[in-house]
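Report on the following structure.
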Amino acid sequence: MTESRVTTIDEAFIQRVAQMVIRRLAQMQLADMTAPAADASRPAPPPQASCDQKIVTDETVAARPVGTTLVIRPDAILTPLAKDTARQRQIQLVRGDPSNGNQAKATS
């Protein structure tokens, strides 16, 4: 036959464990508060994409992630809907050389 042991836990033991847990949580919170924060003065640059199409449509712009900088050809024709889509999706359209990412100026 196997013996089974029943362990009783008294209230004092539970209080000690609870105090240890609370102390550790407080230490962890303090460590998080004193840890150096990410450099908020320099936000990450937005993602950049390029488009070598002569005519830039709303479909071209909508295919890019929100907040992207889209470099388009200097001679590209932007459809009005492409401009609206870029504005709605916070995509900056920049005229430049899409093949090497050189930017000339932002379009309005």
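The values are calculated or read from the model by the stated rules, or taken from the named source; none is laboratory data. Note that the coordinates shown come from a computational prediction; the quantities given were computed from them, not determined experimentally. Note that each Cβ is placed from the backbone with ideal geometry, even for glycine, and that neighbours are counted across all protein chains shown.
Given the options LEU30, LEU25, name the one that is in a helix (DSSP H, G or I), on the phi < 0 side of the Ramachandran plot, surrounded by 10 or more Cβ atoms within 10 Å (Cβ to Cβ) and at pLDDT below 80.
Sole residue among the options that is in a helix (DSSP H, G or I), on the phi < 0 side of the Ramachandran plot, surrounded by 10 or more Cβ atoms within 10 Å (Cβ to Cβ) and at pLDDT below 80: LEU30.
Check the stretch 90-105 and report whether any residue there is modelled with pLDDT of 90 or more, in a loop (DSSP other than H, G, I, E, B) and over 27 Å from the mean Cα position of the chain (by Cα).
No, because not a single residue in the stretch 90-105 is modelled with pLDDT of 90 or more, in a loop (DSSP other than H, G, I, E, B) and over 27 Å from the mean Cα position of the chain (by Cα).
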